[in-house]
Amino acid sequence: MMKRLVALSLALILIISCAAASAAGWYRLTDKKRIFNLPGYDSKAIDSYRADWALYINKSVDSTWASVTFSNGVAGYIEKKYLSRDKSFTAWVSKDTGLKHGPGSGFQNEGSLSKGAKVTVITSGSAYSFVSSDAGYGYVANSVLSRKKVSGSGATSGGKSVNYTAWVVTRGDPIGLRGEPSGSDSAVFETYYNGTAVTVLAELGEFSYVRMANGHEGYMRSKYLSRNKPAQISAQAAAASIPTGDAPVAPADVQQSSGFPFSATAVKDSEGNSPRLYRGEGLGWSSDVIAVGATVTVLDAGNDPYWWKVQVNGVSGYMPGKFFIR
């Protein structure tokens, strides 16, 4: 993940250096819109993006359309009237938080920022801002950004950087993988059972920043992580176990090279939200509610580790992994 973040940062720098039009620069999407492969609504839609996504205008095509590249590297064409340019400014993080891949709590973390970390706000959206920081580029919730300097928590911008294998230790209930280092206002997007192996990437006191076998990253409470492997491992953990060491690999059923298709069962997520089948790989696409208990045929891994290509009741689409279990 960190290597991908560095690559993204380099790609963004290259885009900034090479763009050569008066309209070029960073902009913010003001509404949920689709991006097209050619300048016109009669062309093919590539993807759909929610408001607050940051994008870079490569060049202005005409008075209506522009060639753009989003912060996740996807390029295409979009109407300029849905773009807004913001003036950059310096801000400080008011509490430990995640550096998100996209403008929303459901997106995976690209890194972490500790209280007091200084960032440059490139675009300031209605709920999330696209920032540059010591931990790289990413999105931060506006609620944790302050224009006044904030005293640090004593940790670096990414906490204490480490790299070791640990195991989830719990007496029964699964432990949540969270989008933010907070137990009260942070969404749990996955849960893991006793004996699940994780790679700890940063220590931030009460929470640790970890990577799971499926490549997902987030925060877990440090007290539920141990460097000593439990004597007994739950069946759920054994099914998703990873080898020890600094470079974990995904189990066979989440590797694109093998294990597909496989059957799973639709479930509600940890917050009680009903499972949904999306038309495309992204929360901006239209979706339908799927009955809890429905059979989900998982066809392949999506381009983003958060998404899976699936089929439900003969209908193909995409589904976040939190909505099904094997």
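The values are calculated or read from the model by the stated rules, or taken from the named source; none is laboratory data. Computed from a predicted model, the values in this text were never measured in an experiment. As a convention, Cβ positions derive from the backbone with ideal geometry for all residues, glycine included, and neighbour counts pool all protein chains shown.
Quick notes on this one:
The rows are residues; the columns are (1) crowded, with 19+ Cβ neighbours inside 10 Å; (2) in contact with a Gly (Cβ under 7 Å, 6 or more places away or on another chain).
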| site | (1), (2) |
| --- | --- |
| THR196 | yes, no |
| LEU201 | yes, no |
| LEU204 | yes, yes |
| PHE207 | yes, no |
| GLY215 | no, no |
| MET220 | yes, no |
| LYS223 | no, no |
| ARG227 | no, no |
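- Qualifying residue in segment 149-158 (condition: in a loop (DSSP other than H, G, I, E, B), at pLDDT below 70 and under 26 Å from TRP53 (Cα atoms)): yes
- The residues of segment 34-65 that are of a type in the set (A, V, I, L, M) and farther than 27 Å from TYR278 by Cα, listed by number, are ILE57, VAL61.
- For ASP52, the criteria (1) part of a strand (DSSP E or B); (2) touching a Pro at 6+ places or on another chain (Cβ under 6 Å) hold in every case but one, which is (1).
- Any hit, segment 118-137, residues being within 21 Å of TRP307 (Cα to Cα) and in contact with a Lys or Arg (Cβ under 6 Å, 6 or more places away or on another chain): no
- Note on segment 132-150: residues that are more than 13 Å from HIS101 (Cβ to Cβ) and either over 14 Å from the mean Cα position of the chain (by Cα) or among the basic types (Lys, Arg) (or both) amount to 12.
- Filter result for the condition that a residue is surrounded by 15 or more Cβ atoms within 10 Å (Cβ to Cβ), of a type in the set (Gly, Ala, Ser) and farther than 29 Å from LYS32 by Cα, over GLY152, GLY125: GLY152
- Look at segment 308-319: where a residue is assigned by TED's automatic domain parsing to the domain that holds SER286 and a partner is surrounded by fewer than 18 Cβ atoms within 10 Å (Cβ to Cβ) and β-branched (Val, Ile, Thr), sitting 6+ places away or on another chain with Cβ atoms under 7 Å, you get VAL310/THR297; GLN311/THR297.
- Sub-7 Å Cβ pairs linking a first residue in segment 116-133 that is under 18 Å from ILE57 (Cβ atoms) to a second residue that is modelled with pLDDT of 90 or more and among the small types (Gly, Ala, Ser), at least 6 apart or interchain, are ILE122/ALA54; THR123/ALA54; THR123/SER129; GLY125/ALA51; PHE130/ALA54, ordered by first then second residue.
- Looking across segment 117-135, the residues that are farther than 16 Å from PHE70 by Cα, assigned to a strand (DSSP E or B) and not β-branched (Val, Ile, Thr) come down to LYS118, SER133.
- Some residue of segment 261-279 being charged (D, E, K, R), modelled with pLDDT of 80 or more, closer than 21 Å to PHE107 by Cβ and out of contact with any Asp or Glu (no Cβ under 6 Å at 6 or more places or on another chain): yes
- The listed residue being hydroxyl-bearing (Ser, Thr, Tyr), over 19 Å from the mean Cα position of the chain (by Cα) and not assigned by TED's automatic domain parsing to the domain that holds GLU217, out of SER94, SER126: SER94
- Looking across THR64, THR30, one residue alone is under 15 Å from TYR128 (Cα atoms), of a type in the set (Val, Ile, Thr) and surrounded by fewer than 19 Cβ atoms within 10 Å (Cβ to Cβ). It is THR30.
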